[in-house]
1. Report, to one decimal in Å, the Kirkwood hydrodynamic radius for the chain based on all distinct Cα pairs.
2. The stretch 195-252: D in µm²/s via Stokes-Einstein (Kirkwood Rh, Cα pairs, 20 °C, 1.002 mPa s)?
3. Across bins of 5 angstrom width beginning at 0, how are the C-alpha pair distances of the stretch 104-252 distributed, in whole percent?
4. State the answer as a single residue: which of PHE75, CYS89, GLY231 lies farthest towards the positive end of the charge dipole of the chain, with beta carbon charges of +1 for Lys and Arg and -1 for Asp and Glu, about the Cα centre.
5. At q = 0.14, 0.15, 0.26 Å⁻¹, what is the log10 ratio I(q)/I(0) for the stretch 44-102, with the Debye formula run over Cα points and no solvent?
6. GNM, the chain, Cα, under 10 Å: largest mean-square fluctuation among GLY95, GLY63, GLY137?
7. For the residue pair ALA206 and SER59, what label-to-label distance in nm results when each label sits 7 Å from Cα along the Cα-to-beta-carbon direction?
8. For LYS71, list the aspartates and glutamates whose Cα falls under 18 Å from its own Cα; do not include residues on the same chain fewer than 8 positions away.
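The values are calculated or read from the model by the stated rules, or taken from the named source; none is laboratory data. Note that the structure is a prediction, hence the values are computed from the model and not measured. Here Cβ is always computed from backbone atoms with ideal geometry, including for glycine, and neighbour counts include all displayed protein chains. Side chains are part of the model used for accessible areas, which takes the heavy atoms of the whole protein and leaves out ligands, DNA and RNA. Shrake-Rupley method; radii C 1.70, N 1.55, O 1.52, S 1.80 Å.
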Amino acid sequence: MARVPVIGGNWKMHLDLTEAVALATDVRNRLGSTRGAEVILFPPFPFLKTIADRVEGSSIQVGGQDLHFEKSGAFTGAVTATMLKSVGCSHVLVGHSERRSVFGDTDAVVGRKLLAALDAGLKPVLCIGELLEERKGNQTFQVVARQLQSAIASIPVGRLADLVLAYEPVWAIGTGLTASPEQAQEVHAYIRQKLADLHGASFATATRIQYGGSVKGSNAAGLFTQPDIDGMLVGGASLKGEEFAQIVKARA
Ligand code: 13P
């Protein structure tokens, strides 16, 4: 079964409103009628509604970069899944390595966030990946297996139809050190096997696994040649409309 490629642009903590609108407009002009691939933008929270309105009526979708697992309450600075939906988000990143390492999100917190997203009808992009010292210590497979298992093992497979995974080796994020296509494929194949172990072969075959970490216009096509790489989660290069479009068009 062919998996529809999915390419995300994670803008992280960049741009002001004017720049964000200009970038979304540029992306819409270049990619707004994309067929054969899904394109999702992840702007900072304050710009979500404006960007969602800007791409409405095109094929481009919008997601939040994070969410809180509670439905409401005294959690200064946090946002809920329902809030994200109400400003036009279809997706949300869950467990991005920067949330795990900078903000201290544990596997348990990531699991609760995933459930909160699913409860609200948001499509989660679950991010997993090993640190440099874990790769050097030959622990890559154990780490991604643990992250996957703790997040999805207890969720009935019927609720996971919209789940997208993103394998983002932390040593490749923002460093210019992209995993080689073969390095990425090795882990993607392992993740797919793990998905099969947890929830069966048809779930594993249907679930899309993005690669993230220093993806650029110049290396996307090589990564896309690999059978288990179904998309990209792009940071820095998604801040340039032309380069982001080049990445999408490497596969669309
Ligand atoms: P870079 O593409 O800047 O390495 O970031 C990857 C990433 O973290 C996307 O979520």
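1. So the Kirkwood estimate lands at 17.9 Å.
2. My calculation gives 176 µm²/s for D.
3. Bin by bin from 0 Å, the calculated values are 2, 10, 19, 22, 20, 15, 10, 2, 0.
4. Of PHE75, CYS89, GLY231, it is CYS89.
5. -0.40, -0.46, -1.11
6. In the Gaussian network model the winner is GLY137.
7. That separation, rounded to one decimal, is 2.2 nm.
8. ASP105, ASP119
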